[in-house]
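Okay, so here's the structure we're looking at.
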């Protein structure tokens, strides 16, 4: 688990679970409730999403706490004590924090979402909804599959490069197919959207290389459980 907090503009919680935290795939699982409680988060204050590898971004607030937002892969919020939770097992977890406008986002970026520019869409929605200046946004990437292990078809590589020209693709992997650097593709996307390099914490651990620590859909032949990414603004009196 990684936990960071900042006092700039108030406290924000950013956390990524690991394999040690258990199977967090089910919204009502005991493991997930324990994970939240360890962070001092009331499970009833969490908003989740029905992730479909799309590009929908939903704005949520206190009225949505306890919900699973349908057909959504990114959530944004600007109210304290609203915690955004998404699950992952190779796809790129990205959390965004605006310390000036006091807003956050959680983004699930697989190759389809990356090709649909979901990270850039989340930035645009924060700008439209909260007046966020992309140059003020802080981005943190959680564990995801690395270029070392993410061999894809030429069609997948082409789909990502068509919308993210700076996506990093190596011509030939072990089986002669392209290797796609999904975290780097999303980093390039965020930079194009207006974030500045010093505000991106993006060098991530490869989930496929470290299955002793992380769940990996690719390395575990589709049988992996899921890890969680959680972000939210701390409310007054919360530790």
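Have a look at 137, 191, 75 and tell me which one the Gaussian network model of the chain (Cα, springs below 10 Å) gives the largest fluctuation. Result for the chain, Cα springs under 10 Å: 191 fluctuates most. Would you mind classifying the range 169-228 by shape? Square roots of the alpha carbon gyration tensor eigenvalues, ordered a ≥ b ≥ c; an a/c under 1.5 is rounded, otherwise it is prolate if a/b is larger than b/c and oblate if not. Cα axes put the range 169-228 in the oblate bin. Counting other Cβ atoms within 10 Å as a rough exposure proxy, the listed residues 125, 81, 71 run 71, 81, 125 from fewest neighbours to most.
Could you please rank 98, 21, 166, placing first whichever residue has the fewest other Cβ atoms within 10 Å of its Cβ? Lowest to highest Cβ neighbour count: 166, 21, 98.
Reported to the nearest whole Å, the Cα centre-to-centre distance from the range 156-223 to the range 52-101 is 21. Normalised by the number of residues in the chain, the average gap of Cα pairs under 8 Å and 6 or more apart makes the relative contact order 25 percent.
For residue 166 and residue 71, what is the calculated FRET efficiency with R₀ set at 22 Å and r taken between the beta-carbons, to the nearest 0.05?
Step by step, r from the Cβ atoms, then E = 0.20.
Springs between Cα atoms under 10 Å define the GNM used for the chain, and in it the highest mean-square fluctuation of 148, 206, 91 occurs at 148.
Springs join every pair of Cα atoms under 10 Å in this Gaussian network model of the chain, and among 174, 99, 43 the largest mean-square fluctuation is at 174. Calculated mean residue ellipticity, 222 nm, the chain: -6000 deg cm²/dmol, from DSSP H runs (n ≥ 4) at -39500 (n - 2.57) each, averaged per residue and rounded to 500.
Can you figure out the FRET efficiency of residue 192 with residue 30, using R₀ = 35 Å and their beta-carbon distance, to the nearest 0.05? Walk me through the numbers before you get to the answer.
Values: r = 41 Å, r/R0 = 1.18.
For R0 = 35 Å, the calculated efficiency reads 0.25.
Remark: 145, 118 ranked as 118, 145, counting other beta-carbon atoms within 10 Å and listing the fewest first. Axis of helix 154-163 versus longest Cα principal axis of the chain: the two differ by about 50°, to the nearest ten degrees. Against the longest principal axis of the chain, how steep is helix 118-130, in degrees 0 to 90 to the nearest 10, with axes from Cα atoms? Taking the Cα atoms of the chain, the angle to 118-130 is about 30 degrees.
Readers should treat all values here as calculations from the given coordinates under stated rules, not as data from a laboratory. Just so you know, these numbers come straight off a predicted model, no measurement behind them. For neighbour counting, all protein chains shown are included, and Cβ atoms are generated from backbone atoms with ideal geometry for every residue, glycine included.
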